[in-house]
Amino acid sequence: MESIVKILLADDDMEDRFIMQDAFNAINLPEVPLLVEDGEKALEYLANTHASAGVMPSLVVLDLNMPRLSGTQTLRELKSQLAYKDIPVIIFSSSLNVIEMHECKQLGALSYMVKPFTYEEYLSSAQHFYDFCLKKHSFPEFNSLINNFK
Amino acid sequence: MQEITRITLETDMDLVLVHKRIMKLGELAGLSLASQTTFATAVSEVSRHVIEYGYNAVLILAIRSDIKEPEQYLVAQVLDGNPNLTEKINENLVYARRLVDRFSLEREDKGIEIMLEYRIPGIQKINNGRIRQWISAFSVELPLSPYDEIKRKNKQLLELAEKLKESETQYREVTNALPLMIFSLNDEGQVLYANSWMKSFTGYDISELNESKWRLVVREEIFARAWEHWYMHRTANKPLRREIELKNYATQEYIWHLLSLAPMINENGETLYWIGSLVDIHAQKVMEQTLRDNKELQETKLLLEEKIRELNRSNQELEQFAYAASHDLQEPLRKIVYYSDYLSRYYTELIDDRGKLFLGNMIGASQRMTRLIHDLLNFSRIYRESLHLVKTDMNVLAAEAMKDLDVAIKAKCARIDVAPLPVLSVYPMQMRQLFHNILSNALKFSDEQRLPEVKVYAAMRETQIQLIFEDNGVGFEEKYLDKMFSLFQRLHSREKYAGTGIGLAMCKKIADLHNGSITASSTPGRGAKFILTLPLVA
């Protein structure tokens, strides 16, 4: 049951992908993350998995600032396709930007997260992603995120 | 030509008869008294000439009434037996020629013929019946004594003079009553005659104006140029128009006038004198000037608006740059923080104390940089665009800011008294940031000798409201006031008080955003007072 959970993460930063994989390894879930280097690759992976009737990811985590297909463009693409539009998407960005946040909310993202600064935080982020897939964790709503923004 | 009567010209007595008969004929023909006199004078002049120099002269008075011609003329035909008479032409004849409508002089073998004709006014033609009546009237008329005749003539002349005087007085009254200056000038630009308005307006009579060359009423700076203009122009014999300011005696103000001068030219094309007028055009000039000023103002306004747009643009670019720069700086910094955190967590056992100290310093530095970039990002995010003024209860904002600072307030045992504050139209997020920054400063710069106390209250001005934050902290020297609100300016060392030097710069930016201002006052060691002034928006 647990091995079925897959999380698709798209980030062009190799180190970030490494750190993320490291965090999942540390919490003993090395098989959960599927790391791709940009939005195009993410769509490609989804298309292939869909075509081969494989296990679709329970969650998509997108970095915002990526070459070729950015996080918001990928998000738009995902939400426009019937096969993917119900997959929850979390935006995972290095900084908080209220305008981007509004845009992502409108495009149908589930939540918006600022990338952690410490190893501990990474561990808990990885755990939260996983728990969310098991419906054991929920992410803050956009409205409260925006209201907290200063 | 129809003869009415004839008179032989022999003695001076005949001149009296000539004069009398012409006056009579003129009267019958409907000529005015002036015209009768004019024609009579002309014919008398010719008659006197032929009596003196001629021979066997005779005067025939007649009327010329041609069907083809619309006009009718009284005719005086002088026939003289001296064919050399023309040689004796003198001023009498020249004068007479000028007085009548038609004049001719023809020489024949037997003598000379001079014709003087005077037009009869009116459109109704004199018919033959009336002419026959005139002829019979003249044939029965009795001669009068020369004395009576002269007496009567004098009386007529007096009447004429009286009428002339009356008409001139009337004319003078009319011109004097006009609120404009009418005058004549000689070639030197000296006023010969002027209506009374010239004195009423300038306060000076003609001789005073002439003597001063108008310096009394003309602006000193144009005085020389104006006269130069006149001297250059006067030989041109052409009308002249220019605008000039003249000083009004009553108000001592310079009033714009339009000066018009026209030369009076004789038959030889010489200018005898100039007639002119000066009309008040001040209202028109003032309006012109106002329109011009208004136009200049408009142009300046457009220029200013353009500059403002440019400034806003470059400001915005700068803000966007600051934002992008700090955003991009954040990414590598995050890695530094992450790796140093990881190192300190899992590898401290592998390095010596010196290495640990440096690692600790590195973490401290990277955290400060994180704080700095965070603040800088917040600072550059304060845009007016996409913001909306919201009526906000300042007490709620203050409470929110205090909640954010709860840990620090409790740690310092600080007391924050917030008096009832008004509801104001503000950008709530930014105003909350301002409250936060100022209250956080008050806590940070508290005096160790006493527990921190902060008072927040409002004061109304006429069109403004002031929010005042008064603390009992360490205060500052007021000479640093300007520096304090600038970006990255710190009054204390980092060791003593942590901070990025952005907090108050952000407050100033937020005050500006609300079209308000922020300032502070303090005595070192006795607390500080920060005053936010906002316009009252209806």
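The values are calculated or read from the model by the stated rules, or taken from the named source; none is laboratory data. Note that this is a predicted model, so its numbers are computed, not measured. Note: ideal-geometry Cβ built from the backbone for every residue, glycine included; neighbour counts use all protein chains shown.
From the list B:450, B:415, B:490, B:432, pick out the single residue that is within 16 Å of residue B:532 (Cα to Cα) and not acidic (Asp, Glu). Quick ask: steps written out before the conclusion?
Working: B:450 fails: within 16 Å of residue B:532 (Cα to Cα); B:415 fails: within 16 Å of residue B:532 (Cα to Cα); B:490 fails: within 16 Å of residue B:532 (Cα to Cα).
Criteria check complete, one pass: B:432.
Tell me which of these residue A:84 doesn't satisfy, since it passes every other one: (1) within 14 Å of chain B (Cβ to nearest Cβ); (2) in contact with a helix residue (DSSP H, G or I) (Cβ under 6 Å, 6 or more places away or on another chain); (3) farther than 19 Å from residue A:20 by Cα.
All conditions pass for residue A:84, except number (1).
Any chance the range B:508-518 includes a residue that's in contact with a Cys (Cβ under 6 Å, 6 or more places away or on another chain) and either of a type in the set (Phe, Trp, Tyr) or at pLDDT 90 or above (or both)? Can you show your working first?
Pass one, the range B:508-518, residues in contact with a Cys (Cβ under 6 Å, 6 or more places away or on another chain): B:518.
Still in the running and either of a type in the set (Phe, Trp, Tyr) or at pLDDT 90 or above (or both): B:518.
Yes.
Counting only residues that are among the aliphatic types (A, V, I, L, M) and free of Cβ contacts under 8 Å to residues at least 12 places away in the same chain, how many does the range B:46-88 have?
Taking the range B:46-88 first, the residues among the aliphatic types (A, V, I, L, M) are B:46, B:50-51, B:57-63, B:67, B:74-76, B:78-79, B:85.
With free of Cβ contacts under 8 Å to residues at least 12 places away in the same chain added as a condition, the list becomes B:67.
Residues flagged as among the aliphatic types (A, V, I, L, M) and free of Cβ contacts under 8 Å to residues at least 12 places away in the same chain within the range B:46-88 amount to 1.
Quick check on residue B:483: is it charged (D, E, K, R), within 14 Å of chain A (Cβ to nearest Cβ) and free of Cβ contacts under 8 Å to residues at least 12 places away in the same chain? Write out each step before concluding.
Working: charged (D, E, K, R): yes; within 14 Å of chain A (Cβ to nearest Cβ): no; free of Cβ contacts under 8 Å to residues at least 12 places away in the same chain: yes.
The answer is no for residue B:483.
Quick one: is residue B:303 at negative phi, in a helix (DSSP H, G or I) and more than 14 Å from chain A (Cβ to nearest Cβ)? If you could, list the steps in order and put the result at the bottom.
Numbers: at negative phi: yes; in a helix (DSSP H, G or I): yes; more than 14 Å from chain A (Cβ to nearest Cβ): yes.
The answer is yes for residue B:303.
Scan the range B:456-478 and give yes if some residue there is free of Cβ contacts under 8 Å to residues at least 40 places away in the same chain, at negative phi and touching a Gly at 6+ places or on another chain (Cβ under 8 Å), otherwise no.
no
Which numbered condition trips up residue B:71, out of (1) surrounded by 22 or more Cβ atoms within 10 Å (Cβ to Cβ); (2) under 60 Å from the mean Cα position of the chain (by Cα)?
Evaluating residue B:71 over (1) surrounded by 22 or more Cβ atoms within 10 Å (Cβ to Cβ); (2) under 60 Å from the mean Cα position of the chain (by Cα) leaves (1) as the failure.
Among the residues of the range A:28-48, which ones are buried (at least 16 other Cβ atoms within 10 Å of the Cβ) and assigned to a loop (DSSP other than H, G, I, E, B)?
Answer for the range A:28-48, where residues must be buried (at least 16 other Cβ atoms within 10 Å of the Cβ) and assigned to a loop (DSSP other than H, G, I, E, B): A:29, A:32, A:37, A:38.
Kindly list, by first and then second residue, each pair from a residue in the range B:321-338 that is more than 10 Å from chain A (Cβ to nearest Cβ) to a residue that is in a helix (DSSP H, G or I) and modelled with pLDDT under 80, limited to pairs with Cβ atoms under 6 Å and residues at least 6 apart or on different chains.
The qualifying pairs are B:322/B:380.
Within the set of pairs 6 or more residues apart or between chains, which connect a residue that is on the phi > 0 side of the Ramachandran plot inside the range B:17-45 to a residue that is in a loop (DSSP other than H, G, I, E, B) and surrounded by fewer than 23 Cβ atoms within 10 Å (Cβ to Cβ) with Cβ atoms less than 8 Å apart?
B:30/B:121; B:30/B:122
Could you please give the count of residues in the range A:87-120 that are farther than 19 Å from residue B:328 by Cα, within 9 Å of chain B (Cβ to nearest Cβ) and without any contact (Cβ under 8 Å) to a residue 24 or more places away in the chain?
The total comes to 1.
Which of the residues spanning the range B:207-232 are crowded, with 16+ Cβ neighbours inside 10 Å and either among the hydrophobic types (A, V, I, L, M, F, W, C) or at pLDDT below 90 (or both)? It would help to see each step written out before you state the result.
Filtering the range B:207-232 down to residues crowded, with 16+ Cβ neighbours inside 10 Å leaves B:209-210, B:214, B:217-218, B:226, B:230.
If the condition is that a residue be crowded, with 16+ Cβ neighbours inside 10 Å and either among the hydrophobic types (A, V, I, L, M, F, W, C) or at pLDDT below 90 (or both), then B:209, B:214, B:217, B:218, B:226, B:230 are the ones that fit.
In the range B:165-282, which strands (runs of 3 or more DSSP E) lie fully inside it and hold 3 or more residues that are touching a residue at least 12 places away in the same chain (Cβ under 8 Å) and under 27 Å from the mean Cα position of the chain (by Cα)?
Working: elements: B:181-185, B:191-194, B:240-247, B:254-265, B:271-280.
Counting at least 3 such residues, we get B:240-247, B:254-265, B:271-280.
Residue under question is residue B:407, and the condition is that it be assigned to a helix (DSSP H, G or I), closer than 26 Å to residue B:501 by Cα, β-branched (Val, Ile, Thr) and assigned by TED's automatic domain parsing to the domain that holds residue B:515; does it hold?
Numbers: assigned to a helix (DSSP H, G or I): yes; closer than 26 Å to residue B:501 by Cα: yes; β-branched (Val, Ile, Thr): yes; assigned by TED's automatic domain parsing to the domain that holds residue B:515: yes.
For residue B:407, the condition - assigned to a helix (DSSP H, G or I), closer than 26 Å to residue B:501 by Cα, β-branched (Val, Ile, Thr) and assigned by TED's automatic domain parsing to the domain that holds residue B:515 - is met.
Please verify whether the range A:126-133 includes one or more residues that are within 14 Å of another protein chain (Cβ to nearest Cβ) and without any contact (Cβ under 8 Å) to a residue 24 or more places away in the chain.
no
Testing residue B:424 on (1) within 13 Å of chain A (Cβ to nearest Cβ); (2) touching a helix residue (DSSP H, G or I) at 6+ places or on another chain (Cβ under 8 Å), one condition comes back false. Which one is that?
Failing condition for residue B:424: (1).
Read through the list (1) out of contact with any Cys (no Cβ under 8 Å at 6 or more places or on another chain); (2) within 14 Å of chain A (Cβ to nearest Cβ); (3) modelled with pLDDT of 90 or more; (4) under 22 Å from residue B:504 (Cα atoms), then give the number of the only condition that residue B:399 fails.
It is condition (2) that residue B:399 fails.
Does residue B:438 satisfy the condition of being surrounded by 14 or more Cβ atoms within 10 Å (Cβ to Cβ), in a strand (DSSP E or B) and in the same structural domain as residue B:498 (by TED's automatic domain parsing)? Spell out how you get there, then give the answer.
On the way: surrounded by 14 or more Cβ atoms within 10 Å (Cβ to Cβ): yes; in a strand (DSSP E or B): no; in the same structural domain as residue B:498 (by TED's automatic domain parsing): yes.
So residue B:438 fails the test.
Any residue at all in the range B:398-406 that is of a type outside the set (A, V, I, L, M, F, W, C) and over 23 Å from residue B:516 (Cβ atoms)?
Step one: filter the range B:398-406 for residues of a type outside the set (A, V, I, L, M, F, W, C), giving B:400, B:403-404, B:406.
Those left that are additionally over 23 Å from residue B:516 (Cβ atoms): B:403, B:406.
Yes, some residue in the range B:398-406 is of a type outside the set (A, V, I, L, M, F, W, C) and over 23 Å from residue B:516 (Cβ atoms).
Can you name the residue in the range B:339-360 that is of a type in the set (S, T, N, Q) and over 30 Å from residue A:66 (Cβ atoms) and, of all such residues, is farthest from the other protein chains (Cβ to nearest Cβ)?
Per the stated criteria, the residue is B:348.
Residue A:41 - would you say it is in contact with a Gly (Cβ under 6 Å, 6 or more places away or on another chain) and either more than 11 Å from residue A:11 (Cα to Cα) or not aliphatic (A, V, I, L, M) (or both)?
Details: in contact with a Gly (Cβ under 6 Å, 6 or more places away or on another chain): no; either more than 11 Å from residue A:11 (Cα to Cα) or not aliphatic (A, V, I, L, M) (or both): yes.
No; evaluated as a whole, the condition is false for this residue.
Residue A:73 passes all but one of (1) touching a strand residue (DSSP E or B) at 6+ places or on another chain (Cβ under 7 Å); (2) closer than 17 Å to residue A:10 by Cβ; which number fails?
Going through (1) touching a strand residue (DSSP E or B) at 6+ places or on another chain (Cβ under 7 Å); (2) closer than 17 Å to residue A:10 by Cβ one by one, residue A:73 breaks only (1).
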